[in-house]
Amino acid sequence: MTPAGQIQAARTELVLMHRFFARGALNLDMRATNAVPTMATDGITLWYSPAFVTTLTRAECVAVLAHEVMHCLLLHPARIGDREHERANAAMDYAINKSLVQDGFSLPAGGLVDARFDGMSWERIYTMLPDTPCAPSMGAIIFDGAKGKEVEARWGRILRASLAQGDAPAGLSRELDAGLRPRETPWYDLLLHLLETTSRGGADDLDFRRPSSRGAATGIFMPTWREQAFPPLAVAIDTSGSMSAGDLQLALGHVRAVADMLRPEVIHICCADADVAAQATILRDDETDGAIHLRGGGDTDFRPACIWAEQLYPAPRRLIYISDMAGTFPVRCEVPTVWLSTTLNATAPFGEVIYIGETP
């Protein structure tokens, strides 16, 4: 069997026999290269050395793929930061490998396993390693700072979905919990979790009845994803006089982030102060911001934007209102509302409030 065939066969076994890893394994683009000695991933692509793959047994190949998927599920590619790369990679390997062995995976010779580090986070292990640790033998993390937040958002979603399926490797509860906690952007995980659990309704799943055309081309059975787009969302941006230019730019950035992360079928968007001053529509896969201009500057009244959202068609599943929360609220809004507040500890008479400013 060719190295590509070995990788496909190992991924199929991982998907079919280890459900926790299925979603992650199918979200990595597998590519052969001679530029890495073993395997490497940046959270988007998994590169593998054909020469290395030929040295592995079937069970070892499955284990190495699980190892690389675990790096991604634990958000390692996005969280190395300014740490020494090789040392951080080794610490991450120690944190992952013992759990994989306990879960029945057969690591190839040289995999970093040490009982001294049982139960420790990789960050703590990092502080205990020498400046020049043993180099990881099975794979490497490629950190791209420009893609850090994109990778973290993508794999945060995959991690939550994978945990919902159960069968997570034993001994990684602390690491998995850390993967769910927001880091640099406090609003990030909360918004994603809230919208995913209430809007998608479990639409993503593996479809074993429709084999993947990519897998069929290689003679290997692979399931496909059945996926429905997120339902329509409404986004209102507070452009009143109390919102600074910096706040407004932050608001636009969050609108783009919502579109990039959730990919709803349509986003209705408006600017509002005492009235709805401008509105636009962003369709799924639209790479623009809907050509909306930030108009306003008057007093803040949240009622017009709530009425606007209630009258939209197709009806939005959620209204996301970005504001400093200083204004007149309606008694209620028929569209379930999430307030993204630029003011710490702000409250609203209804809906969820998520703080999106700087962490104090």
ask   = What spacing in nm lies between the two simple spin-label points modelled at Ser121 and Glu310, each 7 Å away from Cα in the Cβ direction?
value = 4.5 nm
inquiry  = If you restrict to DSSP beta bridges whose two residues both lie in region 233-355, what percentage is antiparallel, to the nearest 5?
reply    = 25 percent
request  = Using only the Cα atoms of region 31-108, build the gyration tensor, take square roots of its eigenvalues as a ≥ b ≥ c, and label the shape rounded, prolate or oblate: rounded if a/c is under 1.5, else prolate if a/b is larger than b/c, else oblate.
outcome  = oblate
message = Going by amide H atoms built from the backbone, whose H comes under 5 Å of the H on Trp339, apart from near neighbours?
response = Tyr321, Glu352, Val353, Ile354
request  = Would you mind calculating the gained length between Arg31 and Arg83 on full extension (0.36 nm times residue separation, minus the Cα-Cα distance), in nm to one decimal?
outcome  = 16.0 nm
ask   = Which whole-Hz ³J(HN,Hα) couplings does region 49-64 yield from phi under the Karplus relation 6.51 cos²θ - 1.76 cosθ + 1.60, θ = phi - 60°, glycine and proline marked x?
value = 7, x, 5, 5, 4, 5, 7, 9, 6, 4, 5, 5, 5, 4, 5, 5
Extension gain from Thr347 to Asp275, taking 0.36 nm per residue of separation minus the Cα-Cα distance = 23.8 nm
Packing rank of 2-11, 95-104, 317-326, where each peptide gets the mean count of other beta carbons within 10 Å, highest leading = 317-326, 95-104, 2-11
query = Does anything in region 267-284 have its amide N under 16 Å from the 7 Å Cα→Cβ label point of Thr328, and if so which residues?
reply = 272-277
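None of the figures in this text is laboratory data; all of them are computed from the coordinates on show. Source: prediction; values computed, not measured. Positions of Cβ are backbone-derived with ideal geometry, glycine not excepted, and every protein chain shown enters the neighbour counts.
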